[in-house]
Amino acid sequence: QVRLVEFGGGSVQAGASLRLSCIVSGDKFSSYYLAWFRQRPGKGREFVARISRGGVATSTADAVKDRFSAFRDNAKNEVHLDLNSLKPEDTAVYYCAANLRVDSDSVLDYDYWGQGTQVIVST
């Protein structure tokens, strides 16, 4: 049974930075495709960033690519998302997700999800 646990969210002012982290249980961590998604108030869940199995190739949504970056540590079973220059519109619940099949931006391709961590950005 795979379990993902996110932490690191919080309430910050615009312009601040946060690091979100996700610990993935189990012994297949290096085999998982990993991604971050977010769900803003009143919106559907949207892609933020994904990281290849080896951690070299990443993809980040156009809306945040100049401010957010994702990386993984296969030795620690951790995946991280650095959020910089936060804006009020970044307020959302952020989720990490995993799957064993495909490197994808689609919510539908991810089989395992964490419970989410809340980020609130105020002006």
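The values are calculated or read from the model by the stated rules, or taken from the named source; none is laboratory data. What you see is a predicted model; the values in this text were computed from it and never measured. Virtual Cβ from ideal backbone geometry, glycine too; neighbours counted across all protein chains shown. SASA here: full protein model, heavy atoms, side chains in, ligands and nucleic acids out. Shrake-Rupley method; radii C 1.70, N 1.55, O 1.52, S 1.80 Å.
Flag not set for Arg50, criterion: part of a strand (DSSP E or B), open to solvent by less than 60 Å² (accessible area, probe 1.4 Å), among the basic types (Lys, Arg) and closer than 13 Å to Glu6 by Cα. Here Leu86 passes the criteria (1) within 20 Å of Ser122 (Cβ to Cβ); (2) open to solvent by 40 Å² or more (accessible area, probe 1.4 Å); (3) more than 12 Å from the chain's Cα centre (by Cα); (4) not small (Gly, Ala, Ser) except the one numbered (2). If you go through segment 4-39 and keep only what is surrounded by 13 or more Cβ atoms within 10 Å (Cβ to Cβ), assigned to a loop (DSSP other than H, G, I, E, B) and either free of Cβ contacts under 8 Å to residues at least 60 places away in the same chain or in contact with an Asp or Glu (Cβ under 6 Å, 6 or more places away or on another chain) (or both), you end up with Ser25, Gly26.
Report whether or not Tyr94 is modelled with pLDDT of 95 or more, open to solvent by 70 Å² or more (accessible area, probe 1.4 Å) and of a type in the set (Phe, Trp, Tyr). For Tyr94, the condition - modelled with pLDDT of 95 or more, open to solvent by 70 Å² or more (accessible area, probe 1.4 Å) and of a type in the set (Phe, Trp, Tyr) - is not met. In segment 97-108, which residue that is over 14 Å from Ser59 (Cα atoms) and in contact with an Asp or Glu (Cβ under 9 Å, 6 or more places away or on another chain) is most open to solvent (accessible area, probe 1.4 Å)? Result: Arg101.
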